[in-house]
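None of the figures in this text is laboratory data; all of them are computed from the coordinates on show. Nothing here was measured: the structure is a model prediction, and the numbers come from that model. When we count neighbours, we look across all protein chains shown, and the Cβ atoms used for this are built from the backbone with ideal geometry, even at glycine.
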Amino acid sequence: MSRKFFVGGNWKCNGTIEEVKKIVTTLNEAEVPSEDDVEVVVSPPFVFLPVVKTLLRSDFSVAAQNCWARKGGAFTGEVSADMLINLGIPWVILGHSERRLLLNESNEFVGDKVSYALAQGLKVIACVGETLEQRESGSTMAVIAAQTKAIAERVSNWSNIVLAYEPVWAIGTGKVATPSQAQEVHFDLRKWLHDNAGAEAAISTRIIYGGSVNGENCRELATQPDVDGFLVGGASLKPEFIDIIKSVTVKKSA
Ligand SMILES: O=C(CO)COP(=O)(O)O
């Protein structure tokens, strides 16, 4: 079976309303491959989600960058999965390393969020990845396995999850993983899924790469058999995001 190429744009905590509208206009005017070949999802900050959802072309979709781990209530500052569903937001990014590291989100907390979000009907981009120190000490796969296990223990159906492998050392650093480094981890993660979540999850779950992806380096990364797309930070705010979407054509001919 073939997994549909997936390109996500994580805008993080960036942009004014004017800048956001400009990015949406650029995306709306771009000629890109059909949604039969590539799924495109952009993730603005919460406050811009409704306007982006309204203005964005209908073949692209939107994601929130986080949501709360259970039903709403007395949780000041949080946004619940139920609210996202209520607004027609289909996707949410969970477990991003910036939240794991800056806000001390544990593997278990991320697992709880993924489980609750899926149960409410959201689709989830779940992020995993090791720090430089962990890579250098040889624990890359152990770290990623523990992060993924906390999700696998709480979820039985993987059909609405996209796994994003985002090595922390590659995020925002300009230090992209080499195609073989990305392929190696994606292959191992798929094998882990096979052994721990079943053959179906391993075959059909898209594993996308994130960390300093740009309009140039995306093409060779896209040729790797277990790289099913990208989660893009900085470059998703620029017109080169369109080149990254177009890297699906390299994938198809690989
Ligand atoms: O964190 C990322 C996407 O979620 C990647 O960020 P950069 O593409 O800016 O390195």
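Testing W192 on (1) away from the ligand (no atom under 16 Å from the Cβ); (2) out of contact with any Lys or Arg (no Cβ under 9 Å at 6 or more places or on another chain), one condition comes back false. Which one is that?
Of everything listed in (1) away from the ligand (no atom under 16 Å from the Cβ); (2) out of contact with any Lys or Arg (no Cβ under 9 Å at 6 or more places or on another chain), W192 misses just condition (2).
Can you confirm whether T205 is more than 16 Å from the ligand (Cβ to nearest atom), under 19 Å from I93 (Cα atoms) and in contact with a helix residue (DSSP H, G or I) (Cβ under 7 Å, 6 or more places away or on another chain)?
Against the criterion (more than 16 Å from the ligand (Cβ to nearest atom), under 19 Å from I93 (Cα atoms) and in contact with a helix residue (DSSP H, G or I) (Cβ under 7 Å, 6 or more places away or on another chain)), T205 qualifies.
Name the residue, out of L163, L193, L237, that is in contact (Cβ under 8 Å) with a residue 60 or more places away in the chain and of a type outside the set (V, I, T).
L237
Six or more apart or on different chains, Cβ under 9 Å: which pairs go from a residue in the range 210-221 that's within 16 Å of V162 (Cβ to Cβ) to one that's among the basic types (K, R) and within 12 Å of the ligand (Cβ to nearest atom)? Could you list them?
Final answer for the pair search is G211/K175.
Which of the residues belonging to the range 129-158 are closer than 23 Å to Q181 by Cβ and hydroxyl-bearing (S, T, Y)?
Within the range 129-158, T131, S137, S139, T140, T148 meet the criteria.
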